[in-house]
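Peer 1: Here it is: the structure, laid out below.
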Amino acid sequence: MKLLITGGAGFIGSSFIRHVLSLGKGYEAVNFDKLTYAGNLANLDAVAGDPNYSFVRGDICDPASVEAAMHGCDAVVHFAAESHVDRSIYEPSAAIETNVTGTFVLLQVARKLGIQRFVHISTDEVYGDMAPGAFATEDSPIQPSSPYSASKAASDLLVRSYVRTYGTPAVITRSSNNYGPYQFPEKFLPLLIMNVLDNKPLPIYGDGKQQRDWLHVEDNCRGILAALERGRDGEIYNIGGSDIEENLTMARRLLHLMGKPETLLSYVQDRPGHDRRYALRCEKMERELGWKPLISLEDGLRQTIDWYKSHSAWLAGVRGGDYLSYYKKYYEDRDSSLHAIAQPGHGGAN
Ligand code: NAD
Ligand code: TYD
C-alpha cells in the first residue's frame, strides 16, 4: 500500500513513517511536507536510504503539487498542521490556512483521485475544556477554545462533510498530548527537558494545575495504523494515554528524574483562554481496533529524557536563531508580548 503522509517531517508524522517502514508489511511512504520551522528531515535519518521511502517538498494548500504527489497513492495519512496552540494565539492565520484550507485541498484531491482511505489526524483539543472528573467520548460536543483547536475542529467537520456528501472513505483520530523523541522544543515536555539540561527556569503557565492526558507518540502511531487498516469509514477514534496529570506534577517528575531542584520552577503569565483539563475515553479503540496504550508514563518519560540527553546534535540543529527569537519574545519578554496581544486593535492579523 502506497501512503501519502502529509507533515511526515514533523514529530508524530516522522514517528509514524519510521514505525510503518520498520514493520516490513509492504508499505511505501511518500512524505509530503512544506518544511516549516517544525519540519525536520533529520527526524527521518533512520529511513532516508529505505527504497520504500521518498520525500516531496510541498504545501498542502497548493492543489497542483498535492495532486502530483497523491497520484498513484492508495491512502492518505494527514498529519500536516500548524500544531502549536501558543503560536496560533500570537499569529492565527497560518493555523487557519494550513489546518482548514490545507485539509480542504487534500480532501478535494483525494476525492478526484479516488483515494481508498483518508486518515485525518486530529486532537482532543476540539472537545475544549473538560469539567473536573469529566472525560470526552467520540460523541462529546466540539467546543474548541484556541485558534489552533478551532482550526482542527473546522477540519474535522470538513472531513465529516466529505464522508456524508461524497462518500470519501475517511476516518478521524483524536489523540491527546503526545510526548517522546524528536518533539520540537516549543511544546511543554521537550521545552522543560531542554531548560533542565541548560539549568534554566521551567516556565509554568498560571497555577500549573491544568491537566493533560499524556500519550507516548509510539502508542499513538500504533493506534493511527490500526485506524488506517481497520477503522470504519466515517468514524472518529479517540487515542489517549493512561495517565492524566497536572502540568506542575509533570514538571516535578522531570526535575526528580533529572536530579534537579524544584527551585527551577518558575510561574509565568498564563496562556490566554487556557483549557484547564483534557481527558479522553478510548474504549472504542480497544473494542473495535484492539488498541490500548502500552508505554507507561514512568517508562516513557525516562526514555524521552534519555533520548534528549543523548541527541545533542539534533537539539543543536533545532535551536537556531528562529527558535531563540521565539523563546525571547514569548518567554523572556512574555508579559509585554501577551499584553500587546490583549490590546484592542492588536493586529494578530498574520
Ligand atoms: P509538528 O508541528 O511537529 O509537525 C507538523 C509538520 O507539518 C511539520 O513537518 C511541518 O513542516 C508540516 N507542515 C506544516 N504546514 C504545512 C503545509 N502547509 N504543507 C505541508 N506540510 C506542512 O506537529 P505534530 O506534533 O507532529 O502533529 C501532527 C498532527 O497531529 C497535527 O495535525 C496535530 O494537530 C496533531 N496532534 C498533535 C498532538 C501533539 O501532542 N503533538 C496531539 C494531538 C494531535
Ligand atoms: P503544550 O505542549 O503547548 O500542549 P497543549 O497546549 O496543546 O496541551 O502545553 C501543554 C500544557 O503545558 C498546557 O497546559 C500549557 C502548559 N505549558 C506551560 O505551562 N509552559 C510552557 O512553556 C508550555 C509550552 C506549555
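Peer 1: Can you pull the percent of the range 191-324's accessible area that's carbon plus sulfur, 1.4 Å probe, other chains left in place?
Peer 2: The computed percentage sits at 48.
Peer 1: Given 0.36 nm per residue, what is the gain on full extension from His311 to Leu157 after removing their alpha carbon distance, in nm?
Peer 2: 51.6 nm
Peer 1: Evaluate the distance, in nm, between pseudo-label points positioned 7 Å from the Cα of Gln343 and of Lys112 along their respective Cα→Cβ axes.
Peer 2: So the two model labels end up 4.4 nm from each other.
Peer 1: Still on this model: Whenever you get a sec, compute what percent of the accessible area on the range 101-143 sits on carbon and sulfur atoms (1.4 Å probe).
Peer 2: Whole-percent figure for carbon plus sulfur exposure: 51.
Peer 1: What ranking do 176-184, 53-61 get when scored by the average of other Cβ atoms within 10 Å per residue, highest first?
Peer 2: Result, highest mean first: 176-184, 53-61.
Peer 1: Right, next: Quick check on packing: order 331-342, 159-170 by the mean number of other C-beta atoms within 10 Å, highest mean leading.
Peer 2: The densest-packed peptide leads the list: 159-170, 331-342.
Peer 1: Run the simple label-point estimate for Gln303 and Asp233 please: 7 Å along Cα→C-beta, distance reported in nm.
Peer 2: The modelled label-to-label distance comes out at 3.6 nm.
Peer 1: How large is the accessible surface per residue of the range 196-350, computed with a 1.4 Å probe and reported in Å² as a whole number?
Peer 2: Counting only protein heavy atoms, the per-residue value for the range 196-350 is 48 Å².
Peer 1: Among DSSP bridges having both ends in the chain, what percentage is antiparallel? Round to the nearest 5.
Peer 2: The antiparallel fraction comes to roughly 10 percent.
Peer 1: Compute the label zone of Asp335 within the range 266-289: residues whose backbone N is under 19 Å from the point 7 Å along Cα-to-Cβ.
Peer 2: Counting backbone N atoms under 19 Å from the label point, the list is 266-272.
Peer 1: Please list, or write none, the lysines whose alpha carbon is within less than 23 Å of the alpha carbon of Lys2, excluding same-chain residues fewer than 8 places away.
Peer 2: Hits, sequence-local ones excluded: Lys25, Lys34, Lys112.
Peer 1: Sticking with this structure for a sec: Probe 1.4 Å, all protein chains in place: accessible area of Lys25 in Å², nearest 10?
Peer 2: Solvent-accessible area, nearest 10 Å²: 120 Å².
Peer 1: What's the extension gain from Ile142 to Met1 if we count 0.36 nm per residue and subtract their Cα-Cα distance?
Peer 2: Once the chain is fully extended between Ile142 and Met1, it gains 47.5 nm.
Peer 1: Next up: Once a ≥ b ≥ c are taken as the square roots of the eigenvalues of the Cα gyration tensor of the range 197-251, is the result rounded (a/c under 1.5), prolate (a/b larger than b/c) or oblate (a/b not larger than b/c)?
Peer 2: Because a/c hits 1.5 or more and a/b exceeds b/c, the range 197-251 counts as prolate.
Peer 1: Follow-up question, since we're still on this one. How big is the range 238-350 along each principal axis, measuring the range of its Cα positions in Å and listing the largest first?
Peer 2: 50, 35, 29
Peer 1: With a 1.4 Å probe and all protein chains kept in place, how do Thr137, Thr6 rank by accessible area, largest first?
Peer 2: Result of the area sort, largest leading: Thr137, Thr6.
Peer 1: Under 1.5 on a/c is rounded, so check that first for the range 33-161, then, if it is not, pick prolate when a/b is larger than b/c and oblate when it is not; a ≥ b ≥ c are the square roots of the alpha carbon gyration tensor eigenvalues.
Peer 2: Since a/c reaches 1.5 and a/b is larger than b/c, the shape of the range 33-161 is classed as prolate.
Peer 1: Under 8 Å for C-alpha pairs, at least 6 residues apart: give me the relative contact order for the range 1-130, rounded to a whole percent.
Peer 2: Once normalised by length, the contact order is 27 percent.
Peer 1: So if I take the centroid of the Cα atoms in the range 160-193 and the same for the range 243-305, what is the distance between those two points in Å?
Peer 2: Between the Cα centres of the range 160-193 and the range 243-305 lies a distance of 16 Å.
Peer 1: Treating only the Cβ atoms of Lys and Arg (+1) and Asp and Glu (-1) as charged, compute the dipole magnitude of the chain about its Cα centre; round to the nearest 20 debye.
Peer 2: For the chain, the charge dipole is close to 240 debye.
Peer 1: So, one more: Given a 1.4 Å probe, how much area per residue of the range 1-130 is accessible, in Å²?
Peer 2: 36
The values are calculated or read from the model by the stated rules, or taken from the named source; none is laboratory data. Remember, predicted model here, so these are calculated numbers, not experimental data. Virtual Cβ from ideal backbone geometry, glycine too; neighbours counted across all protein chains shown. Heavy atoms of the whole protein, side chains included, go into the accessibility calculation; ligands, DNA and RNA do not. Shrake-Rupley method; radii C 1.70, N 1.55, O 1.52, S 1.80 Å.
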